[in-house]
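J.: This is the structure, below, for whatever I ask next.
Here, each number is a calculation from the coordinates, and none is a lab measurement. Remember, predicted model here, so these are calculated numbers, not experimental data. Every residue, glycine as well, gets a Cβ built from its backbone with ideal geometry; the counts of neighbours run over all protein chains shown.
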Amino acid sequence: MKLCFDSIDEVKTFMAALKGTRGKGKDEQADEVAAAPVGGQPVMPVINTGFTAPVAAVPGFPGANSGTNPLVGQIIVKLDGALASGQNAEQITNWFRNLLGPDAAAATLDQIKQVFIPRLAEPQLKQLAQQVGIPV
């Protein structure tokens, strides 16, 4: 048997329904579990339909997790500045793809900004920041 929950509230409700059931008969346990609310919505299976950008942390940079590390936001601002100055977007994208490795080989520039840069480790972020001209 596998239990799946969509929220922590569902887990808490389920756990509360289980507490105090030790030593009771099966009929009493079934009545209590059936009477306990399980959550607002039925549990639906998770279906992965492909790439989904994370929730925006900084306006203007959807998915950028600069709340975790300010270097992420600074790198993205620098990247956007390079694009605004007229630098070739394809060359910039290829440079980041090579830098980020095989996982980013087919990533778009938006995916690089929204997913790949925010999930870099601190040492990699510092190295990338230095490479794009941000003092660290």
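J.: Test of understanding: ordering 3, 109 by Cβ neighbours within 10 Å, fewest first, what list do you get? If you can, show how the numbers build up before the last one.
T.: Values: 3 8, 109 17.
By the 10 Å Cβ count, ascending: 3, 109.
J.: Need one number: nm distance between label points at residue 19 and residue 6, each 7 Å from Cα along Cα→Cβ, rounded to one decimal.
T.: 2.5 nm
J.: Moving on. If I take every Cα pair under 8 Å that is 6 or more residues apart in the range 70-131, average their sequence separation and divide by the length, what percent do I get for the relative contact order?
T.: Values: 25 pairs, mean separation 26.8, N = 62.
Relative contact order here is 43 percent.
J.: What ranking, highest mean first, results for peptides 92-101, 110-119, 73-82 when packing means the other Cβ atoms within 10 Å averaged over each residue? Don't skip to the answer; put the middle values down first.
T.: Numbers: 92-101: 15.8, 110-119: 19.8, 73-82: 18.2.
Taking the mean over residues of other Cβ atoms within 10 Å, the ranking is 110-119, 73-82, 92-101.
J.: Next question, about the same structure. Along the positive direction of the dipole of the range 70-131 (beta-carbon charges: Lys, Arg +1; Asp, Glu -1; about the Cα centre), which of 76, 96, 128 reaches farthest?
T.: Among 76, 96, 128, the one farthest towards the positive end of the dipole of the range 70-131 is 128.
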